[in-house]
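We did not get these values from a lab; they are worked out from the coordinates using the rules stated. Quick caveat, the model's predicted, so the values are computed rather than measured. Reconstructed Cβ throughout: ideal geometry from the backbone, glycine too, with neighbour counts over all protein chains shown.
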Amino acid sequence: MIFIETLVYVVRDGRVLLIRKKRGLGAGYYNGVGGKVEEGEDVVSAAVRECREEVGITPKNLEWMGLLEFWNYEDGRVESVHFVHVFLAREFDGVPRESDEAEPVWFGVNEVPYDNMWSDDVMWLPKVLSGKKVYARFDFDHWRLIGGQVFELVRST
Ligand SMILES: Nc1nc2c([nH]c(=O)n2[C@H]2C[C@H](O)[C@@H](COP(=O)(O)OP(=O)(O)OP(=O)(O)O)O2)c(=O)[nH]1
C-alpha cells in the first residue's frame with residue numbers, strides 16, 4: 001500500500017506545537033500534526049484539514065519544507081510506503097485544543113522531546129525547525145528503524 005501523508009509543525013515565539021498522539025500508528029509519541037491525504041484532496045488542503053480535526057486550529061501560509069519516505073518492511077517484503085510532505089506554519093487561527101486523536105503541547109524549539117518521538121525525527125526535524133528543506137528516506141522493519149538517509153535541499157541558482 002502507498003500512502004500520501006502530511007506533517008505540519010506550527011512554530012510561534014520560539015516554540016513548536018506538537019501533539020501527543022492518542023491512537024493509531026505512533027500512539028504515545030509526540031509528533032507534528034498530520035495524517036493521510038484523502039482521495040481527490042490536494043496535499044495542502046489535507047494538511048490544513050488535519051490541523052483543524054486534530055487540534056482545532058487553521059494554519060496560515062504553510063511553507064513546504066520537504067518530503068520524507070517511510071518504507072516499512074515485514075518479513076522481507078514491503079508492507080507499506082508513506083510519502084510525507086512536511087510543512088512549517090508560522091501563523092494560525094484559533095486556539096489549540098485537545099481532540100480524541102491528539103493532545104497539543106508546546107515545546108521550546110531547543111527542547112523537542114526526541115526520546116519520545118519516532119526515532120528518525122532527530123535526524124531531520126532539527127534541520128526543518130532551523131528553516132532547512134529536506135528530502136529523506138527511512139527503512140523500517142515492523143516499524144523499527146533499520147536505516148535511512150537525509151539530504152538537505154539547496155537552491156542551485
Ligand atoms: N515524525 C514522524 N511521523 C511519522 C513517522 N512515521 C509515520 O507514519 N509518521 C506520521 C506520518 C503521518 O502524519 C502519520 C500517519 O499516521 P496514521 O497513519 O496513524 O495517520 P492518522 O491516523 O493520524 O491519520 P488519518 O488516518 O486520520 O488520516 O504518522 C516518522 O517516522 N516520523
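Numbers below:
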read-out	value
Residues whose placed amide H lies under 5 Å from that of Leu153, excluding near-sequence neighbours	Lys133, Val134, Tyr135
Net length gained if the chain between Ile146 and Asn110 were fully extended (0.36 nm per residue, minus Cα distance)	10.3 nm
Net +/- balance of residues flanking Ala27 in space, Cβ distance below 11 Å, scoring K and R +1, D and E -1	+3
Estimated vicinal HN-Hα couplings, Hz - the range 96-103 in sequence order (Karplus 6.51, -1.76, 1.60; Gly, Pro = x)	x, 9, 6, 10, 6, 9, 7, 10
Cα Rg, Dmax, the range 2-153, angstrom units	14.6, 45
Karplus 3J(HN,Hα) series, Hz, for the range 104-115 with 6.51 cos²θ - 1.76 cosθ + 1.60 (x for Gly, Pro)	x, 9, 8, 10, x, 4, 9, 10, 5, x, 4, 5
Helical mean residue ellipticity (222 nm; -39500 (n - 2.57) per DSSP H run of 4+; nearest 500) of the chain	-4000 deg cm²/dmol
Under 5 Å, built H, 5+ apart or other chain: amide partners of Val37	Ile4, Glu5, Thr6
Within-11-Å neighbourhood charge of Gly66 [Cβ basis; K, R +1; D, E -1]	0
Contact order normalised by residue count of the chain, Cα under 8 Å, 6+ apart, percent	27 percent
Whole-Hz couplings from phi, Karplus 6.51/-1.76/1.60, listed for the range 53-64; x for Gly and Pro	5, 7, 9, x, 10, 10, x, 10, 6, 4, 10, 6
Rounded Å value of the spacing that divides the Cα centres of the range 90-108 and the range 10-27	7 Å
Footprinting exposure proxy for Phe3, Phe140 (fewest neighbouring C-beta atoms within 10 Å first)	Phe3, Phe140
Most positive-pole-ward Cα, Phe3, Trp143, Val55, against dipole of the range 2-153 from beta carbon charges	Val55
Check: the chain dipole with +1 on Lys, Arg Cβ and -1 on Asp, Glu Cβ, in debye	520 debye
Fully extended contour minus Cα-Cα distance, from Asp13 to Ser99, at 0.36 nm per residue	28.6 nm
Under 11 Å, Cβ to Cβ, from His142 - net charge with Lys/Arg +1 and Asp/Glu -1	-3
